[in-house]
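Peer 1: One structure is given below, represented as structure tokens, and several questions about it will come after.
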Amino acid sequence: MPNIIKVFLWGLVISFLGSLPLGTLNVAAMQIGIQESIREAIWFSFGSLLVEMIYVRISLVGIDWVRKQTRLMKWMEWITLAIIVALAIGSFIAAAKGGGNTKNIMLNNHLHRFLLGMLMCAINPVQIPFWFGWSTVLFTKNILQPVQSQYNVYIIGIGIGTLMGNCVFIFGGKWMVQRIANSQQYLNWVIGGIFALTAVIQLVKMLLHKDGVSKFHGEK
């Protein structure tokens, strides 16, 4: 198998598997897919994966500069936490109003879902240490080489993998809602609980300096 195909497949597989654990972006995509439309959820995913691809590109060619932006990344991390908390609160408020069609106040806006996906992904710095770590592994094993063509197919694979992972949530969530009776009645409670749990875990990691950004900068 040509090495360039291996690079593409590694990027795709890592990105796909990395998109499967519950997180802010994939759960938000699922909520948009259920309460709005599949098309809007796909637009949201395209926006988020575009920013992710840009972050990967930066991590490949400008990692020394990225490492120096400790304060910026810390601020971005706290902003991300605030947005997760707001999403949780918004989901609980929507649930309390009754009905699965009541929108989360954070998603109840006229911003194009592509731009919303870009915005929510852009302020999430966790992706930078994640991809720096995996890229380092691939460099070490001589799978990924500092060649422009390999960088390009690696990033394309990452984008496709992220889209595939989000589609699992988008179509899976839609499928469950359509087949489970009264599922929309509890949808916002479940999603709110996921966001709340994610926020607690993220806060604990940040306070204990066990988060991805702290590890990335070698903090103890």
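Peer 1: With every protein chain left in place, what is the accessible area per residue of region 129-210 in square angstrom, probe 1.4 Å?
Peer 2: On the way: 4470 Å² over 82 residues.
About 54 Å² of surface per residue is accessible.
Peer 1: In whole Hz and in residue order, list the ³J(HN,Hα) couplings for region 83-95 that follow from phi through the Karplus curve 6.51 cos²θ - 1.76 cosθ + 1.60, θ = phi - 60°; x for Gly and Pro.
Peer 2: 5, 4, 4, 5, 5, 4, 4, x, 5, 5, 5, 4, 5
Peer 1: Students often check this: by mean Cβ neighbours within 10 Å, which of 20-30, 193-203 ranks highest, and how do the rest follow?
Peer 2: Details: 20-30: 20.7, 193-203: 17.8.
For the peptides 20-30, 193-203, the packing ranking is 20-30, 193-203.
Peer 1: Around G117, with a cut-off of 15 angstrom between Cβ atoms, what is the net charge of the other residues, counting Lys and Arg +1 and Asp and Glu -1?
Peer 2: Numbers: positive: R39, R113; negative: E36, E40, E52.
Local net charge: -1.
Peer 1: Cut-off 14 Å, label point 7 angstrom out along Cα-to-Cβ of N142: give me the residues of region 1-44 whose amide nitrogen falls inside.
Peer 2: Under cut-off, by backbone N: 3.
Peer 1: Measure off 7 Å from each Cα along the Cα-to-Cβ vector at H110 and L208, then give the distance between these two points in nanometres to one decimal.
Peer 2: 4.6
Peer 1: Quote the accessible area belonging to K74 in square angstrom, nearest 10, computed with a 1.4 Å probe and with ligands, DNA and RNA left uncounted.
Peer 2: Surface accessible to solvent at K74 totals approximately 40 Å².
The values are calculated or read from the model by the stated rules, or taken from the named source; none is laboratory data. Predicted model only: the values in this text are computed from it and were never measured. Here Cβ is always computed from backbone atoms with ideal geometry, including for glycine, and neighbour counts include all displayed protein chains. Side chains are part of the model used for accessible areas, which takes the heavy atoms of the whole protein and leaves out ligands, DNA and RNA. Shrake-Rupley method; radii C 1.70, N 1.55, O 1.52, S 1.80 Å.
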